[in-house]
Amino acid sequence: MAGILKKLAGETAIYGLSTILARMINFFFVPIYTRVLTQGSYGSYTEIMSYIAVLQVVLALGLETGCFKFANKLKSELGEKASYSPFSTAFMIVGAVSVLFFAVTAAFAAPLSHFIDCDSYKAVIYFVAGILVSDSVTAILFAKLRYEQKAFKFAIFKTIKIVSETGFNLLLFFIFPGWAARNPDSWLLDVIPPEPHFSYIILAVFLSCIVCILLFLPELFRIRLKIEKKLARQMLLYSIPLMIAGLPGIINEGLDRILFRFFSPDGSDWRATLGVYQAAVKLAVIMNLFIQMFRYAAEPFFFARERDKGSKELYARVMEYFVAFCMLIFLGVLLYMDLLGLILGRDFRGALGTVPFMLFSYMLLGILFNVSMWYKLSGQTKYAVNITLSGLAVTALINIVLMPLISYWASVAAHLASALVMLLYSLHLGNRYYPIPYRWKKISGYIMTAVAILLIVKGVTFIATAAGLPSAWNWVIKMTLATAGVLGYGAFVYLRDIRGKAI
C-alpha cells in the first residue's frame, strides 16, 4: 500500500506543477490588478470569471470522468485499442455543443455586453465565448493525457498555456497603454480600451487558449471524428449527473459573485465591494489549489484500483493524508496572514477576516470530493443530483436572505453551510450503498490539533504585541511563532502517522 500511495503522491506533484504555477502567477498579478485596476473594474472581472467557471463545467458535460470510466471498462473487455473510442466520442459531443454555444453567444453579443457594463467593447463577449469553446474541447484532450499517464506532457502543455497568458497580461498592462497613446486611431482601440481595464485579463486568457489549441494540433489530427451512438448514450447517462454534481464547488465559489449585482446592500458600489471581497478570497484559494492538484491524480487512481483487494481501506487512508495536508495549508496561510495580506493593494484589504472561513469551506469541498467517490465507483451517479441540489438550495437561500443585510459575509456563511450539508448527505448515502471505513476520529484529530496550534500561536502573539515591544520585534516574534506552529504541526503528523508513532 505504501508504494501505491507514493505513486499517487508523485503523480499529484507532477499534475500540480502546472496548477501551482498558474496560482503562483495568479498571485503575482493580484498585487498588479489590485493596484492598477479600480475596485469596480476588478469586481467586474471576478463576476465574468464566475460565469466562465460555471459554463466550463456545463459545456464539458462531465465527460472527462466518463472517459475514464468507459475507457477502463472497454480496455478490460475489448482491449487497449477499444479504450480510446470514449475519448473520440466525447470530443465530438463536446465540440458540437461548444460550437452551438458560440453561435448563440454571438447572436446575443449586444445585450450581453450591456449586461456586463461593457457596451463599447462587445469583443469581450467573443473573447469569453472563445475561452469556453477552447477549454471545453481541450478538457477532453487533457483527460486523454491523464488516462495515458502522460503527466509530464500534461504539465508541459498547461505550463506553456499559463506562461503565454502571463506574457499577454504583461504586454497588455505595461506595453499596450503606451502604444495606444501613440496610436490613437488604431482599430485595436475599438476592441479593447486604451487604459488598463478588466478586458485586458479576459483577452490574455483568450489568446493563451489559442496557444493551447495550437499545442494540441498533432493530437487533433489523430482523433477519429466519429460518434458511437450507443457508447455516447451510455456516457451521457453516466456523465451528465456528474456534470451536475461538479457544479457545487464551482457554484459555491461563483454564485455569490453572480448574485452580488442583485442583492448587495451597496447599491451602485456593488462592484467595488465585490472586488474587495474577491481579492481576499484569492488568499484562500491556496487550499483550492491543492485540492485541484489532488483531484487530477486521484480520480484515475481511484478508478484504476476499484477492483483491488483492500481498495476501500486504501481510499480511507488517502482521506487521512488529504485532511492532514489541508490543515497544514490552513495553518500556513493564517499564521502568515500579516505577510500574505501585503499581496493586496491597500484599497483591497478590507475583507481579510473572511479568509479563515473560506479556507475551511474549501477543505470541506475537498473532503466531499473524496467521500463522493462512492457514487462514481458504484455507478450510482443519479444520487449526485440530489446531493448537488441540496447544496445549491443552501447556497442560494443564505445569499438571497442574508446578503442584503450583511453583504459578503452572507457569501462566506453560504460557502460553509453548503459544503457541510453536501458532505453529510453524501456520507449518509455512501454509508448505505458503498461504505468506506473512514476513521473520522483520527481525521478530527488533525483538524482539532491544527486549530489548537492556531489559537495558541495567535494568543501568544497577542500577548507579545500588547507588551509594547518595538514594531520590528513584533514582526520577528510573529514570523517566528508562525514558523514554529507550522513546523510543530508537520512534526505531529510525521511522528503520528508517517513513522507510525501515536501521540
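Assorted remarks:
- None of V30, V57, V36 is among the aliphatic types (A, V, I, L, M), out of contact with any Asp or Glu (no Cβ under 9 Å at 6 or more places or on another chain), open to solvent by less than 30 Å² (accessible area, probe 1.4 Å) and at pLDDT 80 or above except V30.
- Test: residue in segment 315-332 that is farther than 26 Å from G445 by Cα and part of a helix (DSSP H, G or I): no
- Hey, I162 under 15 Å from P196 (Cα atoms) and assigned to a helix (DSSP H, G or I) or not: no
- Residue within segment 477-494 that is at pLDDT below 80 and open to solvent by less than 70 Å² (accessible area, probe 1.4 Å) present: no
- Selection of segment 180-199 for residues being outside any loop (DSSP other than H, G, I, E, B) and out of contact with any Phe, Trp or Tyr (no Cβ under 6 Å at 6 or more places or on another chain) yields A180, A181, R182, W187, L188, L189, D190.
- Scanning segment 228-269 for residues being more than 22 Å from I367 (Cα to Cα), modelled with pLDDT of 80 or more and of a type in the set (S, T, N, Q) gives a total of 2.
- Failed condition for G254, given (1) more than 22 Å from I131 (Cβ to Cβ); (2) of a type in the set (G, A, S); (3) open to solvent by less than 20 Å² (accessible area, probe 1.4 Å): (1)
- Residue in segment 328-349 that is closer than 16 Å to L255 by Cβ and crowded, with 18+ Cβ neighbours inside 10 Å present: no
- Segment 205-219 residues that are part of a helix (DSSP H, G or I), paired with ones that are acidic (D, E) (beta carbon under 8 Å, 6 or more apart): V205/E165; L207/E165; S208/E165; C209/D135
Yes/no per residue for (1) touching a residue at least 60 places away in the same chain (Cβ under 8 Å); (2) under 30 Å from S407 (Cβ atoms); (3) charged (D, E, K, R):
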residue	(1), (2), (3)
F221	no, no, no
K230	no, no, yes
Y238	yes, no, no
A245	yes, yes, no
F262	no, yes, no
A272	yes, yes, no
A284	yes, yes, no
N288	yes, yes, no
M293	yes, no, no
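- Residue match in segment 411-434 (condition: over 23 Å from V371 (Cβ atoms) and touching a helix residue (DSSP H, G or I) at 6+ places or on another chain (Cβ under 7 Å)): yes
- Residues located in segment 142-164, provided they are open to solvent by 60 Å² or more (accessible area, probe 1.4 Å), touching a helix residue (DSSP H, G or I) at 6+ places or on another chain (Cβ under 7 Å) and either farther than 21 Å from I213 by Cβ or without any contact (Cβ under 8 Å) to a residue 40 or more places away in the chain (or both): K153
- Of the helices (runs of 4 or more DSSP H) lying entirely inside segment 355-449, those containing at least 1 residues that are modelled with pLDDT of 90 or more are 355-371, 382-406, 408-433.
- Extreme residue, modelled with the lowest pLDDT, among residues of segment 69-84 that are surrounded by 20 or more Cβ atoms within 10 Å (Cβ to Cβ) and not charged (D, E, K, R): S83
- Qualifying residues in segment 107-120 (those that are within 27 Å of the chain's Cα centre (by Cα) and open to solvent by 30 Å² or more (accessible area, probe 1.4 Å)) - the one nearest to S199 (Cα to Cα): D117
- Total residues in segment 337-354, condition part of a loop (DSSP other than H, G, I, E, B) and touching a Lys or Arg at 6+ places or on another chain (Cβ under 9 Å): 2
- Among the candidates F262, F294, F221, the residue that is crowded, with 22+ Cβ neighbours inside 10 Å, among the hydrophobic types (A, V, I, L, M, F, W, C) and more than 26 Å from P31 (Cβ to Cβ) is uniquely F294.
- Matching entry among A466, A452 (being at pLDDT 90 or above and either among the aromatic types (F, W, Y) or farther than 24 Å from N288 by Cβ (or both)): A452
- Filtered residues of segment 173-192 (kept if open to solvent by less than 10 Å² (accessible area, probe 1.4 Å) and either within 32 Å of the chain's Cα centre (by Cα) or charged (D, E, K, R) (or both)): I192
- Taken over segment 165-201, residues that are of a type in the set (D, E, K, R) and touching a helix residue (DSSP H, G or I) at 6+ places or on another chain (Cβ under 7 Å) amount to 2.
- The set of residues from segment 153-186 being among the charged types (D, E, K, R) and modelled with pLDDT of 90 or more comprises K161, E165, R182.
- Pairs where the first residue, in segment 100-123, is touching a residue at least 12 places away in the same chain (Cβ under 8 Å) and the second is acidic (D, E), C-beta under 7 Å, 6+ apart: S113/D119
The values are calculated or read from the model by the stated rules, or taken from the named source; none is laboratory data. Everything quoted here is computed from the prediction, not taken from an experiment. Ideal geometry is used to build each Cβ from the backbone, glycine not excepted, and the neighbour counts take in all protein chains shown. Ligands, DNA and RNA are excluded from the accessible area calculation, which covers all protein heavy atoms including side chains. Shrake-Rupley method; radii C 1.70, N 1.55, O 1.52, S 1.80 Å.
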